[in-house]
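Since the structure comes first, as structure tokens, the remarks are kept for the end.
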Amino acid sequence: MPRYSRRDILRYAAATAGAVLPGGVRANDVPYMPAGIQIGDVVADRAVVWGRCDRPARLKVHYAFDAMFTRPIGVTGEYALPETDYTARIDLTRLPPDRDVFIRVAFEDLTNTRAVSAPIEGHFRTAPLTPRNTRIVWGGDTAGQGWGINTEDGGMRIYDAMRRARPDFFVHCGDTIYADGPIPPEKPAEGGRTWRNVVTPEVAKVAETLDEFRGRYRYNLLDENVRRFGAEVPQVWLWDDHEVVNNWSPSKDLSADDRYTEKNVPLLIARGIRAFLDYAPMRRHSADESGRIYRHLPYGELLDLFVLDMRSYRGPNSANRQAAPGHETAFLGATQLQWLKESLARSRAVWKVIAADMPLGLQVTDGKEADGRPRFENIANGDGPVLGREFELADLLRFMRDQRVGNVVWLTADVHYCAAHRYDPQAARFSDFTPFWEFVAGPLNAGSFGPAALDDTFGPEVMFQKVPPVQNASPFAGHQFFGQVDIDAATHAMTVRLKDINGKAVFAQELAPVGHRVGSGSADPTRNRK
């Protein structure tokens with residue numbers, strides 16, 4: 001496959017409009033990949049490879065099992081057409097477990113098969129079947145509150161910090177874009193400084209059209225750190241509210257929001273999910289639920305990852321104080337909740353990691369009801385017994401206790417600060433569960449906020465948190481955080497670290513698996529190291 005650098009193409013194109021590249025192809029006829037590549041949903045025998053072209057073309061991927069790229073295997077992916085914003089993907093299958101896979105991704109022009117884009121190289125490692133050291137990074141909230149790509153500050157630097165950690169994969173816990181947050185050319189920041197953004201027409205206003213939603217994803221991929229990250233670190237995407245509009249649910253009303261000419265929230269949801277599915281490097285679900293995001297990704301004997309969708313199946317945001325479960329108290333929804341129960345019960349992995357967009361025990365409000373009571377955005381609804389959306393969580397936690405589903409850890413984001421919470425039935429109003437941990441990380445290049453108030457229903461205790469001195473602090477302030485999980489192959493112990501924008505750990509917690517062998521050096525599961 002021809003390998004022209006972008007510089008080569010530009011040099012030929014600048015020389016003359018009729019310039020010809022080797023092979024008789026005119027320079028301005030060669031497809032171009034403006035968004036880099038992404039790798040996603042890697043398991044033991046398969047991985048998704050995603051790319052975007054600048055014109056109608058066909059995705060071509062070559063892969064090999066060594067860096068010298070000997071004996072490459074070529075496969076053909078989807079057509080890149082306007083209907084998908086020229087994005088395309090392929091699910092590489094029949095891969096060997098626990099192997100390095102090197103890829104070269106290109107697009108072939110539909111009118112001239114010799115016109116092939118300069119390939120972009122990438123790398124990933126398939127999941128193991130037997131124990132090996134495993135590392136995850138996670139976070140959420142990218143390009144929010146108008147804090148976009150500032151090239152003077154190095155762009156979205158936290159993505160490079162995560163890349164340097166050399167994880168097996170990254171979990172984006174939602175708010176992958178901020179469709180409802182315009183990005184201005186400049187914003188005042190702390191200490192009299194000015195944050196200067198790269199801007200495009202699509203980020204200058206709230207997203208309403210399908211192209212504006214897609215333009216938000218194109219914007220993030222302008223950042224060199226994000227593109228480099230995408231070629232080297234497999235990703236697992238969730239979504240939350242800002243992929244459509246802030247705090248959306250069936251009760252969302254935009255009639256008083258002058259920023260929107262399109263007031264039809266279901267239509268905005270449809271456009272938002274379409275753009276998300278076009279750009280997320282994830283394996284498409286079957287036709288029975290084509291927009292499904294919740295899924296299970298097995299990662300060998302040490303880890304099962306369960307990815308949740310806390311947005312699509314919820315009832316309306318309300319005071320969340322209903323005295324009995326019903327349609328209005330849905331959060332995961334009956335189908336997803338049953339799937340999660342059954343999947344957890346079947347799991348034989350040492351650690352069951354649940355990736356969710358919202359923390360369980362933090363109160364996140366969404367305005368007020370007509371009677372003045374606070375309206376809630378997530379499960380938590382204030383101190384007290386189980387009410388409203390808490391019925392689903394109580395049902396899940398009781399099930400896990402009764403079925404002896406142990407070693408469950410929750411990874412979340414959403415609140416724009418980092419925290420470690422331990423849930424203890426002895427301190428809870430509802431006590432039919434075994435203790436578990438929840439870790440919160442973010443934001444990834446967005447405003448920093450916090451802290452949020454705890455809800456005592458399930459007995460959470462703040463073991464650590466780090467919040468900014470002021471609300472909506474810029475990335476200049478340094479309160480940008482990601483999380484890192486390490487599972488030791490020999491001891492099976494899990495160590496969770498919360499790290500800052502430079503990759504420096506601000507907190508560490510070692511967890512010993514219950515019911516599994518651990519080495520003599522393992523720490524007590526409740527000990528933390530800062």
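The values are calculated or read from the model by the stated rules, or taken from the named source; none is laboratory data. Only a predicted model underlies this, so the values are computations on that prediction, with no experimental measurement involved. Here Cβ is always computed from backbone atoms with ideal geometry, including for glycine, and neighbour counts include all displayed protein chains. Areas reflect the complete protein model, heavy atoms only, side chains present, ligands, DNA and RNA absent. Shrake-Rupley method; radii C 1.70, N 1.55, O 1.52, S 1.80 Å.
Observations
- Shown here are the Rg and Dmax of the Cα trace of the range 183-258, at 15.4, 44 Å.
- Kirkwood Rh in Å, taken over the range 293-343 so that all alpha-carbon pairs contribute: 12.4 Å
- About its Cα centre, the dipole of the chain is roughly 1600 debye, where the only charges are +1 on Lys and Arg Cβ and -1 on Asp and Glu Cβ.
- When Rg and the Kirkwood radius Rh are both evaluated on Cα atoms of the range 407-478, their ratio Rg/Rh stands at 1.05.
- On the principal axes of its alpha carbon atoms, the range 65-145 extends 48, 47, 21 Å, with the longest extent given first.
- Computed from the C-beta positions of residue 502 and residue 427, the FRET efficiency with R₀ = 25 Å rounds to 0.10.
- Rh by Kirkwood over Cα pairs, then Stokes-Einstein D for the range 86-129 at 1.567 mPa s and 4 °C, µm²/s: 103 µm²/s
- Cα pair distances in the chain, grouped into 10 Å bins until the bin that holds the longest one, percent each: 4, 18, 29, 27, 15, 5, 2, 0
- Cα centroids of the range 312-345 and the range 120-186: 29 Å apart.
- Against the main long axis of the alpha-carbon atoms of the chain, helix 390-402 sits at an angle near 80°.
- Computed FRET value (nearest 0.05) for residue 64 with residue 346, which takes r as the C-beta separation and R₀ as 30 Å: 0.30
- Where the alpha-carbon atoms of the range 265-306 are placed on the principal axes, they occupy 42, 20, 16 Å, in descending order.
- Per-residue HN-Hα couplings for the range 414-423 [Karplus 6.51, -1.76, 1.60; θ = phi - 60°; Hz; x = Gly/Pro]: 5, 8, 6, 7, 10, 7, 10, 10, 10, 9
- Amide H to amide H distances under 5 Å link residue 384 with 456, 457, where only residues 5 or more positions off or on other chains count and H is placed in the peptide plane.
- For the range 149-225, the Kirkwood estimate of hydrodynamic radius, built from reciprocal distances between every pair of different alpha carbons, is 13.9 Å.
- Reachable aspartates and glutamates, given that their alpha-carbon falls under 20 Å from the alpha-carbon of residue 341 and they are not under 8 places away in the same chain: 289, 301, 304, 309, 357, 390, 392, 395, 402, 432, 438
- Carbon and sulfur %, accessible surface of the chain computed with the full protein complex present, 1.4 Å: 50 percent
- Dimensions in Å of the range 190-314 - Rg and Dmax from alpha carbons: 17.0, 53
- Helix-only arithmetic for the chain: the sum of -39500 (n - 2.57) across DSSP H runs with n ≥ 4, divided by the residue total, places the mean residue ellipticity at 222 nm at -4500 deg cm²/dmol.
- In the range 334-492, the inverse of the mean reciprocal separation of distinct Cα atoms equals 16.8 Å; this is its Kirkwood hydrodynamic radius.
- Annotation for residue 401 and residue 209: the two label points, set 7 Å from Cα along the Cα-Cβ direction, are 5.4 nm apart.
- Efficiency of FRET between residue 262 and residue 32 - r from beta-carbon atoms, R0 22 angstrom, step 0.05: 0.10
- Around the amide H of residue 358, modelled in the peptide plane, lie the amide H atoms of 413, all under 5 Å away and 5 or more residues distant in sequence or on another chain.
- Taking 0.36 nm per residue of sequence separation and removing the Cα-Cα distance, the residue 110/residue 287 pair yields an extension gain of 61.0 nm.
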